[in-house]
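Notes follow once the structure below has been shown.
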Amino acid sequence: MNTQPLSPASSADEHTLRLAKLAAVTPVLLEALGDPSGRGPLLDLGCGVGEPALTAARRWPAVVGVDQDGQALETARERAHAQGLDNVEFRQGSFEHLGLKDASGAAAVSRFGLLMFGDGEAGARELARVLAPGAPFAVAMWTGPDDNPAVRLGVRTLERMQDSLGSGPAVPDIPALFRSLASASTVKSWLTNAGMHRVETTRFEGSAEFADVDAACDYLVDSGGPLTGFYKALTDKQHDAVRAVQRELIREQETLSSSAVSLRSSCRIVSGVL
């Protein structure tokens with residue numbers, strides 16, 4: 001089991017916060033893919049605003065990032081240009097329809113996207129389709145609220161907000177929301193049925209450090225994952241109510257020795273080869 005602190009996060013900028021929280025798992029994922037020397041393109045599936053594609057592009061000869069969010073892809077391209085990386089490209093596609101050629105990837109990586117959203121079985125089949133024979137893959141997936149304090153904060157916030165939003169957006173159905181966090185055995189069956197071999201699962205634990213409770217609340221809203229649409233539909237008054245609940249829950253759940261807050265999280269890393 002890996003345990004590492006994640007990069008400090010205190011800014012309310014959405015992309016900065018997301019990348020800070022997720023950064024520590026990136027080298028673990030890339031290490032699982034082996035030596036990139038002389039190999040074909042690495043596929044980053046669900047790359048968002050460009051990670052881990054941009055980090056990988058410093059080692060891999062070529063990288064292709066895929067995401068369904070066109071705006072995020074524009075940000076990714078801007079970041080690649082700013083960093084002088086000309087060996088990475090970004091394309092639009094979904095996990096079930098990546099829009100890539102058969103057997104075009106020498107390896108694939110996905111950080112909290114593939115096999116978590118949409119049709120997991122179809123995503124596994126699409127992963128197998130775009131990988132070359134013998135190509136490795138490594139996928140990071142959140143664990144559920146029972147053993148993931150950061151996810152549990154989101155669940156408990158929803159539970160407390162069920163009857164208090166009035167005419168606001170419907171509170172997401174909690175069981176449905178976390179159905180995407182399939183068990184390790186289910187994910188393994190998806191991958192093996194799609195033709196993958198040597199499928200293994202390891203656990204990775206980390207934390208995101210914040211200057212104070214308000215900064216932690218900013219993070220929870222700005223990097224809401226499947227809750228993003230719900231948070232964005234709130235009025236200012238409802239948003240304030242959500243933050244008040246989050247502040248209370250953080251103080252209840254986390255042991256605070258000072259004003260600083262450390263939000264713990266846990267994920268699974270699933271790896272194997274085609």
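Key figures
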| quantity | calculated |
| --- | --- |
| Some residue of the stretch 227-250 being part of a helix (DSSP H, G or I), surrounded by fewer than 18 Cβ atoms within 10 Å (Cβ to Cβ), modelled with pLDDT under 70 and among the small types (G, A, S) | yes |
| Cβ pairs under 7 Å, 6+ apart, first in the stretch 193-207 and at positive phi, second of a type outside the set (K, R) | G195/A128; G195/L274; R198/G272; R198/V273 |
| The lone exception for S189 - which of (1) within 30 Å of P36 (Cα to Cα); (2) modelled with pLDDT under 95; (3) crowded, with 22+ Cβ neighbours inside 10 Å; (4) not β-branched (V, I, T) it fails | (3) |
| Qualifying residue in the stretch 82-94 (condition: within 30 Å of R243 (Cβ to Cβ) and over 17 Å from the mean Cα position of the chain (by Cα)) | no |
| Some residue of the stretch 26-36 being modelled with pLDDT of 95 or more, assigned to a strand (DSSP E or B) and buried (at least 18 other Cβ atoms within 10 Å of the Cβ) | no |
| Answer residue from the stretch 74-118, given it is surrounded by 24 or more Cβ atoms within 10 Å (Cβ to Cβ) and among the β-branched types (V, I, T) and is nearest to G46 (Cα to Cα) among those | V109 |
| Checklist (1) surrounded by fewer than 17 Cβ atoms within 10 Å (Cβ to Cβ); (2) at pLDDT below 85; (3) in a strand (DSSP E or B) applied to S259, failing item | (3) |
| Residues within the stretch 80-98 that are closer than 25 Å to L191 by Cβ, part of a loop (DSSP other than H, G, I, E, B) and of a type outside the set (D, E, K, R), tallied | 5 |
| Extreme residue, nearest to G84 (Cα to Cα), among residues of the stretch 49-65 that are surrounded by fewer than 24 Cβ atoms within 10 Å (Cβ to Cβ) and in contact with a helix residue (DSSP H, G or I) (Cβ under 7 Å, 6 or more places away or on another chain) | L54 |
| Among (1) assigned to a strand (DSSP E or B); (2) at pLDDT 80 or above, the one test that A208 misses | (2) |
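The values are calculated or read from the model by the stated rules, or taken from the named source; none is laboratory data. Being a predicted model, the structure only gives us computed values, none of them experimental. For neighbour counting, all protein chains shown are included, and Cβ atoms are generated from backbone atoms with ideal geometry for every residue, glycine included.
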